[in-house]
Every structure is written in C-alpha cells, then in structure tokens.
Amino acid sequence: MTAEQQKLIPARDENLKNGNYTVLNGEYTKNFNVYVVGENHKEAIDYIMVALDRSTDNVLGFGIKMGSQKKYGVSFWDEADIPEEYRK
C-alpha cells in the first residue's frame, strides 16, 4: 500500500461501511478483484465499463483509473487492502 493510499484509509472505511463501493472481478483486472470506492462508485463503474469496451486490451489500466478518480472522486483498492468484513 502506498503512502497516498494510507491517507485515504479513513475515507475508504467510511465508504465501505456505507456500502459505497463496487467490486470489479478478475475478468477486467488481471485475475484479482479491485474495489472501486467512493460515493460516485456506480457512475464511475459506468464510465469504466465504456472505457473498457473501447480499450484494445479490455483491462483496467492506469489511464482508466486516473480518469475515474479525477472525474468521480473514487479510489481503487486491491482486495488485499480491503478489511475482511467487506470482501465479496
């Protein structure tokens, strides 16, 4: 986990507690689950799915993540960084 992510843990945990997250399964993320966390997670997922459809490799990459973070204020977390009680 990066130092930047450590700063986001309190907000992440609050969003997880409130159900403000969506899980992208390994189909799009090189065989591991990625959690999209934030109040606008549903809108971000819609954006991500359109971007993935237009992508040549159909994999969630850096550009899609950065665009989603900037546009929707979400954060991305590997499943290993999510508290056990919120893992799906």
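The values are calculated or read from the model by the stated rules, or taken from the named source; none is laboratory data. The shown structure was predicted, so the numbers you read here are calculated from the model rather than taken from an experiment. Every residue, glycine among them, receives a Cβ derived from its backbone with ideal geometry; neighbour counts consider all protein chains shown. Keep in mind that these areas ignore ligands, DNA and RNA; they rest on the heavy atoms of the full protein, side chains included. Shrake-Rupley method; radii C 1.70, N 1.55, O 1.52, S 1.80 Å.
Quick rundown of the values:
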item: Cα-based radius of gyration of the chain once divided by 2.2 N^0.38 Å, which approximates compact folds; result: 1.02
item: Rh (Kirkwood; distinct C-alpha pairs) - the range 45-88, Å; result: 11.6 Å
item: 0 to 90° range, to nearest 10: angle between helix 3-17 axis and the chain longest Cα axis; result: 80 degrees
item: The range 64-88 and the range 6-30: distance between their alpha carbon centers, rounded to Å; result: 4 Å
item: Percent RCO, i.e. relative contact order, over the chain, from Cα pairs under 8 Å lying at least 6 residues apart; result: 29 percent
item: Solvent-accessible surface ranking, highest first, for Arg87, Arg12 at 1.4 angstrom; result: Arg87, Arg12
item: For the chain, built as a Gaussian network whose Cα springs stay under 10 Å, the top-fluctuating residue of Lys42, Lys65, Lys17; result: Lys17
item: Chymotrypsin sites (Phe, Trp or Tyr not before Pro) within the chain: DSSP coil, no more than 12 neighbouring Cβ in 10 Å; result: Phe32
item: Surface accessible to a 1.4 Å probe, Val36 within the full protein complex, Å²; result: 0 Å²
item: Sulfur and carbon atoms: percent of accessible area, the range 29-74 [1.4 Å]; result: 48 percent
